[in-house]
Every structure is written in structure tokens, then in C-alpha cells.
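The structure under discussion appears below in the form of C-alpha cells.
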Amino acid sequence: MTDRGGETTPGGGERAGRRAPWQAMRVRPSGDRGAVATALFAAGSQGVHDDGPALVTHFPPDVDLGPVRAAVLAADAAATIDVHEAPDVDWTEAWKHGVGVQEVGSLTVVPPWLAAGRDPATTIVIDPGMAFGTGEHQTTRRVLELMQRVIRAGDTVADLGAGSAVLSIAAVKLGAARAVAIEMDPDAIENAEENVARNGVGSRVTVIEGDAGLLLPLVAPVRVVLANIISSVLVELLPAIAAALTADGQAVLSGILVDEREHMLDVLAAEWRVDAEAREGQWWSVAIVRR
């Protein structure tokens, strides 16, 4: 199962001698698949994948799926929703075997078990853990692509919704002097800090737990903002991003469905100019500068 910047490992704790089963939700949209996918992410899904006519996602055993159903039906009243127990699989091992080497331009993202012998200057070592962002997902790869035309030596960077901190680590390996990785999910913080230490960039990358909209003004000014988040949150953050950037600043936005591109361009048109775009699968990413 892929997500918007990596993959979440469906593990679960031990209950009565076995892992409690995760809940698999299978949604068959009647119309706009993009709207349904956005609704699933907004309702807390960390990963959605296409399975023919359906979209499939997974939730931990203790998650109440009532609000998720409501969100899907609000986006598509005629959608068909089925829920069943996910197979009892050792997801930790399954995920480990599924993670590979991701080469994007001059950068390579690898898990720790594939890192031996690689150049640390251009290699980003990310433990999949439970955090968002391993390089496996299209949105992460396209931010990494666009960053390489945006980051300049000596830059200060804010990484919003940082997850595993992969983009912050990439920023300093591309020459940024400092990056601040802002993440509101407490479950991701430890993984992000471990990844920063693992890559030897602890003196240049700071991980902060909290809301990006509140914290971004406190770390400003920055020359680059990176934000791999769902489009509705990106729109809310645009004023704070504009205020945080230096006069020559740029932002790279991702987590936007291709179906949402035209709407996002309309939102950006008044204050922003598109510098570059990237697309992979159903996802669209964009580098922007203020007009």
C-alpha cells in the first residue's frame, strides 16, 4: 500500500498472543476517484492504492471507521464501501522486502539494509518505521526532483508535514545550510530524529513537533518551503508560506492529485507563478514563486 510520501507499516500490537487484525476498506467510487481518495486521506488514511475499479486503504484495529465512511459518502454518495479484516501478515518483514532503492536525479534514497557502500553525500538513508516518507511514493520522488532545481547553497528550508524528515535531509545534502522539519504527528517524531542522526545531519536539521501553520512564522524567514500535504491543507497554508519566504523565496508543493491541478492553479494564480511542474501517476507537484 502506497501513501503520500511513503508507506505506513500496518503492524499493530500483540493481543491475546496474536496481532490484532487491521481493517481493510475497499471503496468503489461511482464518479470522481480523486475526490474519494482526497476524502480518505482527509479522514486519516495514510495510504490508498488502486485495485481495478476500487480504491483500497487500511486502518489500525482500534480506528472507528464511521467517520471515514461518512467522509467518503460526502464526497461520493453512491460509492460502495466494503470493510474486512486485513490478512494476518508480518507487515514489518513484508514491508522490508518491498522497500527498494529510489534514484531521483543526483540523490538516492535507501533503507538502512541497502545503504552499505553508497556515497553519503548523495545518499539519504531512511528507516521506513511508521513515518511518512521513504521515497517509495510518487509525491516524495517528485518533490526530490523539483528540489534539485530550487535548493541553493546556504539556503534555509522549512519542511512542512515532514514525516520521516526525508526532504529536510535531502535539502541539506543538496547544499542548504539549515532545514527545519515540522511534523504534527507525535508517532513520526522519533523516526524523523533517528533518520536525521543516521544521515549525520543533526547539526543542520532540526525536528519540531507541532502545527505547521503556527510554527512556520516562528522559523521564518526561509528561502524554501517544502510541503508534501493534502491539497486542502496546502491551500490553507499558502498565506503563511508566502509570509515566511524571503523576497527571492520559492515553495515546492506536493500531495496534489492530477485531477486537482486546475483548481490549484486557479488558487495560485493571484499571488504565485509556476516555476516548474512534475507528475507521476495520479499525483501532481509544483514549484512556485511569488509574483
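Just so it is clear, none of the values below were taken in a lab; they were calculated from the coordinates. Given the structure is predicted, the values throughout are model-derived calculations rather than measurements. For neighbour counting, all protein chains shown are included, and Cβ atoms are generated from backbone atoms with ideal geometry for every residue, glycine included.
Points to keep in mind about this one:
- Residue exposure sequence - Val252, Val83, Val222, Val125 - by fewest surrounding Cβ within 10 Å: Val83, Val125, Val222, Val252
- Rounded, prolate or oblate (a/c below 1.5 giving rounded, otherwise prolate when a/b exceeds b/c) for the chain by Cα gyration tensor: oblate
- At full extension, Ala78 and Thr206 could sit 41.5 nm farther apart than now, given 0.36 nm per residue minus the alpha carbon distance.
- Alpha carbon centroid spacing (whole Å) that separates segment 183-197 from segment 202-240: 15
- When you restrict to C-alpha pairs under 8 Å that are six or more residues apart and normalise by the size of segment 99-290, the relative contact order lands at 19 percent.
- DSSP-defined beta bridges in the chain - what % are antiparallel, rounded to 5: 60
- Candidates Ala24, Ala179, Ala162: whichever shows maximal mean-square fluctuation once the chain is modelled as a Gaussian network with Cα springs under 10 Å: Ala24
- Taken about its Cα centre, the chain carries a charge dipole of roughly 740 debye when the Cβ of each Lys and Arg holds +1 and the Cβ of each Asp and Glu holds -1.
- Put simply, when 164-172, 138-146, 225-233 are sorted by average Cβ atoms within 10 angstrom per residue, most first, you get 164-172, 138-146, 225-233.
- Semi-axis lengths, largest first, of the ellipsoid equivalent to segment 14-90 are 24, 12, 10 Å, with √(5λ) applied to each eigenvalue of the Cα gyration tensor.
- Candidates Gly213, Gly66, Gly175, ranked by Gaussian network fluctuation over the chain, Cα under 10 Å, top entry: Gly66
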